[in-house]
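Beneath this line is the structure, given in structure tokens, with notes to follow.
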Amino acid sequence: MKVLVIGKGGREHALCWKLKQSRKATAVFCAPGNAGTAVDAQNVPIDASDIRGLVQFARRENIGLTVVGPEEPLVRGIVDVFQREGLTVFGPKQEAAELEGSKVFAKELMRQAGIPTAEYRVFQSSPDAENYVLSRELALVVRSRGRSTIRHTLHCKTAGETLEAIDRIMDPREMLAPGVQVELEERGRRRVFNTREEARDFVLGRPLPLVIKADGLAAGKGVHVCDNARQALDAIDQIMFRRVFGKAGDRVIIEERLDGRETSVLAITDGRTIIPLETCQDHKRAFDHDEGPNTGGMGAFSPTDSISPEVMEQVEREILVPAIHSLKRTRRPFRGVLYAGLMLTNQGPRVLEFNVRFGDPETQTLLVRLKSDLLELLYAAATERLADFEIEWDPRPAVTVVMAAAGYPGAHERGQAIHNIELADRIPGVKVFHAGTTLRGDSSRPRESRVVSDGGRVLNVSAVGDTLPDAQSRAYQAARAISFEGGWYRHDIGGKPPRSESAR
């Protein structure tokens, strides 16, 4: 059969590469694709958001299976449209895809299904969300020093009360003479501040571990992991007031931040049978030693010892099965990839988020280890015939290193010429997947055109090896061979599994 992959990132390049290896694939198309899929498949100049154009292409080319990569077309209902046209498609329908499209919906489903997750509150206005942050318990004693009308000790139980007390003391109308100061006492330790701003800054900087999430899709950037009230208030301001994510910020979720080790479990399901994929671990922070802002993922490795067979059984029993059954009971049957982002806490695994598609860069890391026919697997899931399918894996570990553009995860450069990809690809065990790339030149002759950067995460350098250090060594050897202006990557992917206190 002919196969169509929708999307243009590293995940889609890996899917095309693996699907092309199937003995049943007569042709693999990618819409719109990138410079890598132009070599490993046939690019089609149709954007992933053009659902009508994609349907017309699939009917015209007699596509036997369509695989949807990104989350946005799934949330917009592309599977529903394809199925109405009698086309076989891998992915969940719109109502089931809301599991990723709305974090509020996902949280409510987890609560109803008894799936372990962090405590949370939902807010529809920025003042309400800000008041909640400032109402968190914070025991401080506030006193005035110097000549002021406020001479009594103020025992404050929240950050909000403390800020109000500081504002009262530093109000010029309350000062009987210049030089009034604020004294803050916390657990017997006293600090004196000369200005209102210094005192408020101290209060807002007290430890307050929270996670602020935009409700809707935000291209993987709608989650803020906060250490204190200042960061939480800034996140609320960005999401709900400045509207940096548009309508995705109509509502926010404020969660208790979990402590533990972050990991991911991906499973293929046809709505009745669930087949978990091999374990993997990704690195979300931008810089070495898990420092810097969260990103869409700076690398991954597989397998990970974070998930033992016993923990995997617990994840299946307490998370995957209840999620699929709960969706089925609410008449939202789920078929496709269920991705559970987890925090492994001392109390057991807790769900940080659900995604409804292949992860990125986890997909690249997993597919270089997959020995089974991917086309047969995805077709079986799309046609509810997964019960008798068994997946075979290469026992060797794999590592994927993401090469990013200058400025990522913020504003980044595009159009930088990329050199030596072919040289890196020739290293044994290495496959370079294109993510944010495009061709400059004759797109009909991709091997003769120049590859340039066209996104934040530019390349995904994947490698398998006899051991994890061997796979890591091969991946970094390949990454060092490749060059483009401003390109950078983390240097510790595949090292010790990252310990995190973050949500995605």
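Among the strands (runs of 3 or more DSSP E) contained in region 43-150, which hold 2 or more residues that are of a type outside the set (Gly, Ala, Ser) and within 30 Å of Pro178 (Cα to Cα)?
137-145
For region 191-245, what are the residues that are part of a loop (DSSP other than H, G, I, E, B), touching a residue at least 24 places away in the same chain (Cβ under 8 Å) and over 16 Å from Asn294 (Cα atoms)?
Once the filter is applied, which keeps residues that are part of a loop (DSSP other than H, G, I, E, B), touching a residue at least 24 places away in the same chain (Cβ under 8 Å) and over 16 Å from Asn294 (Cα atoms), region 191-245 yields Thr195, Gly205, Arg206, Asp215, Gly216.
Suppose we keep only residues that are β-branched (Val, Ile, Thr) and under 14 Å from Ile493 (Cβ atoms) within region 287-320. Which one would you say is farthest from the chain's Cα centre (by Cα)?
Thr304
With without any contact (Cβ under 8 Å) to a residue 40 or more places away in the chain, surrounded by fewer than 20 Cβ atoms within 10 Å (Cβ to Cβ), charged (D, E, K, R) and not assigned by TED's automatic domain parsing to the domain that holds Ala382 as the only criterion, which of Glu61, Glu85, Glu72 stands out?
Glu85
Is it the case, given these coordinates, that Thr273 is over 19 Å from the mean Cα position of the chain (by Cα), surrounded by 22 or more Cβ atoms within 10 Å (Cβ to Cβ) and in the same structural domain as Phe334 (by TED's automatic domain parsing)?
no
List, please: which pairs have Cβ atoms under 7 Å, are six or more places apart or on different chains, and start with a residue in region 264-290 that is part of a helix (DSSP H, G or I) and end with one that is buried (at least 21 other Cβ atoms within 10 Å of the Cβ) and at pLDDT 95 or above?
Asp288/Arg490
Could you check, for region 320-327, whether at least one of its residues is outside the structural domain of Ile63 (by TED's automatic domain parsing), touching a residue at least 40 places away in the same chain (Cβ under 8 Å) and in a loop (DSSP other than H, G, I, E, B)?
No: region 320-327 contains no residue that is outside the structural domain of Ile63 (by TED's automatic domain parsing), touching a residue at least 40 places away in the same chain (Cβ under 8 Å) and in a loop (DSSP other than H, G, I, E, B).
Where residues in region 4-25 are assigned to a loop (DSSP other than H, G, I, E, B) and buried (at least 24 other Cβ atoms within 10 Å of the Cβ), which of them is nearest to the chain's Cα centre (by Cα)?
Of everything passing the filter in region 4-25, Gly9 is nearest to the chain's Cα centre (by Cα).
Among Arg187, Arg168, which is on the phi > 0 side of the Ramachandran plot and without any contact (Cβ under 8 Å) to a residue 60 or more places away in the chain?
It is Arg187.
The values are calculated or read from the model by the stated rules, or taken from the named source; none is laboratory data. Here the structure is a predicted model, which means the values were calculated and not measured. No Cβ is skipped: glycine too gets one built from the backbone with ideal geometry, and neighbour counts run over all protein chains shown.
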